[in-house]
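The values are calculated or read from the model by the stated rules, or taken from the named source; none is laboratory data. Please read these numbers as outputs of a predicted model, since none were measured by experiment. Cβ placement follows ideal geometry from the backbone for every residue including glycine, while neighbour counts extend to all protein chains displayed. For the accessible areas, the whole protein counts, side chains as well, though only heavy atoms, and no ligand, DNA or RNA atoms are used. Shrake-Rupley method; radii C 1.70, N 1.55, O 1.52, S 1.80 Å.
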Amino acid sequence: MEPFAAVDVIRAKRDGERLSAEQIEWVVDAYTRGVVAEEQMAALAMAIFLNGMDSGETARWTGAMIDSGERLSLHVARPTVDKHSTGGVGDKITLPLAPLVAACGAAVPQLSGRGLGHTGGTLDKLESIPGWRAELSAEEIGRQLAEVGAVVCAATPTLAPADRKLYALRDVTSTVESVPLIASSIMSKKIAEGSGALVLDVKVGSGAFMKTIRQARSLARALVGIGAAHGVATTALLTDMSTPLGSAVGNAVEVAEAVEVLKGGGPADVVELTLALAREMLTLAGLSHVDPAEVLASGEAYETWCRMIRAQGGDPDAELPKPAHVHVVEAPESGVLTRLDAYAVGVAAWRLGAGRARKEDPVQLAAGVRCLAKPGDRVERGQPLLELHTDTPEAVPAALEALSGSYDLTERHNPPRDEGIVLDLFRG
Ligand code: URA
């Protein structure tokens, strides 16, 4: 005999009531067991979307989703700390960050996802490295963490299965963009992964989930609050996603850019954000005396990257896939590039084949966009502005359509105040 009826829980939230801990624990568990039907959870998700959940309800909801599966127990001597990004265009930061923080002395268990829509997925990017394997068992994750200090792999199916089911339902019922649902979804997976501390990169701007700083602050507060309620030290950084991060957007092109950073080069914004996130992770791990900039410059982070890739069957020295076709977009006039829209570039890369429309679609490893100028750069008429990479040249017109109106070139230019990429910070 079930202790509640789904219809009563839905009615309570529909009428703006607070759900009790018992109601929340039951409804999430019963949904995972198939006792609460999809249409009932769809109605509840919409009631939550419209009426919200307070911080106590959200923490309970997260706990119930963690309890729907297994929690990894990581037995490593080093302090564990992970990073999660809410998703952005050209966001390859995990690739240099995980080995860097490991080279600084922490252990980084990074269970990642694949891309859907205009933001790419870390696993899709890493799969452009010949031989690299995303699926690891819990034992392999533990061993690699102890031996290398960093592992980036696919989430195991037993990790927060309630979230997997609910996320797919939210996707088709227009209930994704709810702060308590997004925050509990992200944190349930990250807490179940077993890391002792967590740094969240909450993206703000056209290429992000959160388009305004107000929405992003509200999500950051909710994420940090859930971490505190579950005893996981959590810090959230709000970072700019109005323009793509770095120059490369796609899969293999992003890996190549991450390797440049690990070798001491790479675009300034990627280096800046990698170091900012590394500093926060090291602070939470009790390693604030280690300077990640020095470790990056020493080459140790690159060595850890090579070991991390080899441990998962990849060849860090192998040539990355090259596109069959490259289309160059030239600057139509001379001027300073004052805007290059992240969302438009993300959609263009996706249409070129770098991303997928449905979960089961394959991705093209060599597809993507290279941004040859960044906002603030001066370009001359006819100078290459963007490079479109694809194996399917028939995709180019749709990518160009996505890019139409996506940038501004202006002669009279007041340089913007350089605010840096980190816009705000919340500590738990
Ligand atoms: N990412 C997640 O993991 N869950 C959400 O709900 C939104 C983004």
Kindly establish whether residue 254 is surrounded by fewer than 22 Cβ atoms within 10 Å (Cβ to Cβ) and modelled with pLDDT of 95 or more.
no
Turns out the strands (runs of 3 or more DSSP E) fully within the range 67-162 with at least 3 residues that are touching a strand residue (DSSP E or B) at 6+ places or on another chain (Cβ under 9 Å) and farther than 28 Å from residue 29 by Cα are 150-154
Considering only residues of the range 84-96 that are more than 14 Å from the ligand (Cβ to nearest atom) and out of contact with any Pro (no Cβ under 9 Å at 6 or more places or on another chain), which is farthest from residue 299 (Cα to Cα)?
92
Being more than 28 Å from residue 307 (Cα to Cα) and either within 11 Å of the ligand (Cβ to nearest atom) or open to solvent by 50 Å² or more (accessible area, probe 1.4 Å) (or both) is the requirement here; does residue 218 meet it?
no
Identify the single condition in (1) modelled with pLDDT of 95 or more; (2) in contact with a helix residue (DSSP H, G or I) (Cβ under 9 Å, 6 or more places away or on another chain); (3) surrounded by 13 or more Cβ atoms within 10 Å (Cβ to Cβ) that residue 404 does not satisfy, given that it satisfies every other one.
(3)
